[in-house]
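> Structure below; questions to follow.
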Ligand code: BGC
């Protein structure tokens, strides 16, 4: 306010007088380069104002009242959505106005939100989207997430989560892309492009955040937040590449992970956040801690008090503190000479850089007219349906139980997930609403001829032991086609949702057994956020369609597959164990010194050593035949390429899509053993019945190299094996030599 008690005019044509001094400062001039604007602004900031930029807290409906004073003091840099559901950008703008008009320098706040697989239009969970083997699909769904997230008053999303997931006990396996780092890199980059586009400052784009840095998915026992022990060699080759791929695609922020990483918590880990991220990778954006992860350094046992936690985090390279407020101790610690002001300056510079890049100094407010028509637009809904169909993985299809004829007279749809729209949304469903979701029952009903009959029996409760099995059995007996909708509840996966058992929950297996005992062929549709152990279902069901938690258009997308209007083209990106005792189990493991099966070979006495369904697995409604692999040469020189080719034929009677997968093995490597097989390419090929095509891959040094424990990229001469196969467990390799 000025002397007369009125707000001076700060909004001018093409610029905002953020510091209310009546002149256009360099930082207020959008024609100036970002670095100059940052420097100009920083030169005007007090230490307290700088520390304020490092602080993020949750907003709730009363935030305007609660945080008014704090924002006015310049003691807040960012909000994340949380608490009460905040629907509109009006609320954001109200808070932003306090920051812009009510503080000395007018620095805009940045608003973050967890749009993991959609904002209002909820798409399939990330683990499911990976199973489409189509990164562009994910780019398109995240583009819509960005549009809706931004319309809702947010500038920034805490996604993608790129943590490698090998342990289905860990509930957050649902949020990532599975067990393969190469595929993970493609998905990381696609997500970043989807969120940020080519111009992240555009009003319908949001800043992406690579999380959780790093190693979070390797938590001991699959228990969330738990300790991880990962050798530097494994870390470089399996856990880090996805983060680097996101950075290379332009991601502007990173989030630390909760876990202790090989001896020191990630949120205070200088080696990770500075040596690797800043010094090696040259990351220019900022790092936000995970939720209260800085104060938790005390619980981890590496900081004695708030001061020490703040000191550890800021010197390690955590720029913004999410929710806890240990960084409030920094001014005193700087005054006492314990923390260097340079650390704070660096962090402020990075945060402001992103705020300028996002265009917050040119357009601090969200258009308040947009959001009412921004959600669930027809293109979003159509894409949600396409995605729900594309993520389905057909695990079994005996005697062509699928697809179902639309003229079938009586369908019995049984099970707790048969008509459960809210369950379709999965974990982290943001602003998704059950009333917008299409259940399996609704999707099937829409396909049926008017004289067909659909009976729906809930069968048994999804989590507890309530059973109504006799009605389900009677329905099954009276039906021509029996569909069982089974799985796990949506809130059994995601953060803090670890499991010790991986079977279908409650009494669903009993339900399955009772229905299967009728002798009717049973089609099982599975809804889950992680691989499940389903050996008995796998043996006794006629067909199994893995649908995951497929989002708002679940029922329509699945019905498209069940009735043959779309063909199943999904492939697993995480192995399905027989038994939880096999976990962690992943296709890209190392050989032992005693490979193979037999006594003293390292297998189980009571279970197979292989998974029930391997990585890359998925059936179609037709039959694909692979010919012999041909290499263009048997030797390859460094820097050259060779091609691998395989004839593929659709030998069945329906059109279908095959995912031809290229796997490579480096047979002897000097810095450490290489996995028995590693995915290095794939192509999705559509063929009509009887049609054939040669599928060709180019192999370059890029597909042959790996990292040593210090992060050096090595491509070494010697023997390599190549597979072109339908999954990670089939096919015969051919060899070539790198000279
Ligand atoms: C989660 C993050 C999330 C953050 C903000 C944390 O508990 O681990 O993934 O982005 O909360 O909601």
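> Residues being within 16 Å of the ligand (Cβ to nearest atom), more than 16 Å from residue 319 (Cβ to Cβ) and touching a residue at least 40 places away in the same chain (Cβ under 8 Å): count how many of those fall in the range 244-291.
5
> Further, regarding this structure: Has the range 590-613 got at least one residue that is within 22 Å of the chain's Cα centre (by Cα) and assigned to a loop (DSSP other than H, G, I, E, B)?
For the range 590-613, residues within 22 Å of the chain's Cα centre (by Cα) and assigned to a loop (DSSP other than H, G, I, E, B): absent.
> Still on this structure: Can you tell me how many residues in the range 248-271 are crowded, with 21+ Cβ neighbours inside 10 Å and either modelled with pLDDT under 95 or in a helix (DSSP H, G or I) (or both)?
3
> Return only the number of the condition from (1) assigned to a loop (DSSP other than H, G, I, E, B); (2) more than 15 Å from the ligand (Cβ to nearest atom); (3) surrounded by fewer than 17 Cβ atoms within 10 Å (Cβ to Cβ) that residue 315 does not satisfy.
(1)
> Can we say residue 96 is touching a strand residue (DSSP E or B) at 6+ places or on another chain (Cβ under 9 Å), within 16 Å of the ligand (Cβ to nearest atom) and not in a loop (DSSP other than H, G, I, E, B)?
Details: touching a strand residue (DSSP E or B) at 6+ places or on another chain (Cβ under 9 Å): yes; within 16 Å of the ligand (Cβ to nearest atom): no; not in a loop (DSSP other than H, G, I, E, B): yes.
In short, no.
> Before we move on, is residue 539 closer than 19 Å to residue 399 by Cβ, free of Cβ contacts under 8 Å to residues at least 12 places away in the same chain and surrounded by fewer than 24 Cβ atoms within 10 Å (Cβ to Cβ)?
On the way: closer than 19 Å to residue 399 by Cβ: yes; free of Cβ contacts under 8 Å to residues at least 12 places away in the same chain: yes; surrounded by fewer than 24 Cβ atoms within 10 Å (Cβ to Cβ): yes.
For residue 539, the condition - closer than 19 Å to residue 399 by Cβ, free of Cβ contacts under 8 Å to residues at least 12 places away in the same chain and surrounded by fewer than 24 Cβ atoms within 10 Å (Cβ to Cβ) - is met.
Here is a yes/no grid of residues against (1) surrounded by 22 or more Cβ atoms within 10 Å (Cβ to Cβ); (2) away from the ligand (no atom under 16 Å from the Cβ):
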| residue | (1), (2) |
| --- | --- |
| 492 | no, yes |
| 495 | no, no |
| 498 | yes, no |
| 509 | no, yes |
| 513 | no, yes |
| 520 | no, yes |
| 523 | yes, yes |
| 526 | yes, yes |
| 534 | yes, yes |
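> To continue, here is another question. How many residues, within the range 688-716, are surrounded by 13 or more Cβ atoms within 10 Å (Cβ to Cβ), in a loop (DSSP other than H, G, I, E, B) and in contact (Cβ under 8 Å) with a residue 40 or more places away in the chain?
Qualifying residue count, the range 688-716: 9.
> Here is a further query. Taking the range 228-243 as the search range and keeping residues that are more than 16 Å from the ligand (Cβ to nearest atom) and outside any helix (DSSP H, G or I), which one is nearest to residue 211 (Cα to Cα)?
240
> Considering (1) crowded, with 24+ Cβ neighbours inside 10 Å; (2) farther than 25 Å from residue 90 by Cβ; (3) within 15 Å of the ligand (Cβ to nearest atom), say which one residue 116 fails and leave the rest.
Result: residue 116 fails condition (2) only.
> Another question, then. Condition check: modelled with pLDDT of 95 or more and within 16 Å of the ligand (Cβ to nearest atom). Does residue 221 satisfy that?
no
> Still on this structure, I have one more. I need the full set of residues from the range 292-312 which are within 30 Å of residue 356 (Cα to Cα), within 16 Å of the ligand (Cβ to nearest atom) and surrounded by fewer than 24 Cβ atoms within 10 Å (Cβ to Cβ), in order please.
Matches in the range 292-312: 292, 295.
> Would it be correct to say that residue 504 is free of Cβ contacts under 8 Å to residues at least 40 places away in the same chain and either surrounded by fewer than 21 Cβ atoms within 10 Å (Cβ to Cβ) or at negative phi (or both)?
So residue 504 fits the description; yes.
> Here's another thing I want to ask about it. Could you tell me how many of the residues in the range 542-570 are more than 30 Å from residue 377 (Cβ to Cβ) and either buried (at least 24 other Cβ atoms within 10 Å of the Cβ) or under 20 Å from the mean Cα position of the chain (by Cα) (or both)?
Of the residues in the range 542-570, 1 are more than 30 Å from residue 377 (Cβ to Cβ) and either buried (at least 24 other Cβ atoms within 10 Å of the Cβ) or under 20 Å from the mean Cα position of the chain (by Cα) (or both).
> Quick one: count up the residues across the range 373-404 that are more than 14 Å from residue 551 (Cβ to Cβ) and either touching a residue at least 24 places away in the same chain (Cβ under 8 Å) or in contact with a helix residue (DSSP H, G or I) (Cβ under 9 Å, 6 or more places away or on another chain) (or both).
Counting residues in the range 373-404 that are more than 14 Å from residue 551 (Cβ to Cβ) and either touching a residue at least 24 places away in the same chain (Cβ under 8 Å) or in contact with a helix residue (DSSP H, G or I) (Cβ under 9 Å, 6 or more places away or on another chain) (or both) gives 16.
> Which of (1) part of a loop (DSSP other than H, G, I, E, B); (2) away from the ligand (no atom under 16 Å from the Cβ); (3) under 30 Å from residue 238 (Cβ atoms) does residue 128 not meet, given it meets every other one?
(1)
> Return a yes/no flag: does the range 329-338 have any residue that is buried (at least 23 other Cβ atoms within 10 Å of the Cβ) and within 26 Å of the chain's Cα centre (by Cα).
no
> Tell me, yes or no, whether the range 197-213 has at least one residue that is away from the ligand (no atom under 16 Å from the Cβ), under 14 Å from the mean Cα position of the chain (by Cα) and buried (at least 24 other Cβ atoms within 10 Å of the Cβ).
So in the range 197-213, the residues away from the ligand (no atom under 16 Å from the Cβ) come out as 197-205.
Pick out the ones that are also under 14 Å from the mean Cα position of the chain (by Cα) and you get none.
Within the range 197-213, none of the residues are away from the ligand (no atom under 16 Å from the Cβ), under 14 Å from the mean Cα position of the chain (by Cα) and buried (at least 24 other Cβ atoms within 10 Å of the Cβ).
> Specify which of the listed residues (319, 362) is more than 26 Å from the chain's Cα centre (by Cα) and in contact (Cβ under 8 Å) with a residue 60 or more places away in the chain. First the steps, then the outcome.
On the way: 319 fails: more than 26 Å from the chain's Cα centre (by Cα).
One residue alone meets the criteria, 362.
> Quick check: is even one residue across the range 156-163 in a loop (DSSP other than H, G, I, E, B), away from the ligand (no atom under 16 Å from the Cβ), in contact with a strand residue (DSSP E or B) (Cβ under 6 Å, 6 or more places away or on another chain) and at pLDDT 95 or above?
no
> Please name all residue pairs, on different chains or six or more residues apart, with Cβ atoms under 7 Å, provided the first residue is in the range 66-82 and is farther than 18 Å from residue 151 by Cα and free of Cβ contacts under 8 Å to residues at least 24 places away in the same chain and the second residue is outside any helix (DSSP H, G or I) and within 16 Å of the ligand (Cβ to nearest atom).
none
> Hey, another quick one. Considering (1) in a helix (DSSP H, G or I); (2) away from the ligand (no atom under 16 Å from the Cβ); (3) over 23 Å from residue 272 (Cβ atoms), say which one residue 169 fails and leave the rest.
Checking residue 169 against (1) in a helix (DSSP H, G or I); (2) away from the ligand (no atom under 16 Å from the Cβ); (3) over 23 Å from residue 272 (Cβ atoms), the one that fails is (1).
> Another question about this same structure. Among residues belonging to the range 648-663 that are free of Cβ contacts under 8 Å to residues at least 60 places away in the same chain and part of a strand (DSSP E or B), point out the one that is surrounded by the most Cβ atoms within 10 Å (Cβ to Cβ).
The selected residue is 650.
> Which residues, taken from the range 664-687, are part of a strand (DSSP E or B) and more than 30 Å from residue 653 (Cα to Cα)?
664, 665, 666, 678, 680
The values are calculated or read from the model by the stated rules, or taken from the named source; none is laboratory data. These figures come from a predicted structure and were not determined experimentally. Counting neighbours? That spans all protein chains shown, and the Cβs are built from the backbone with ideal geometry, glycine included.
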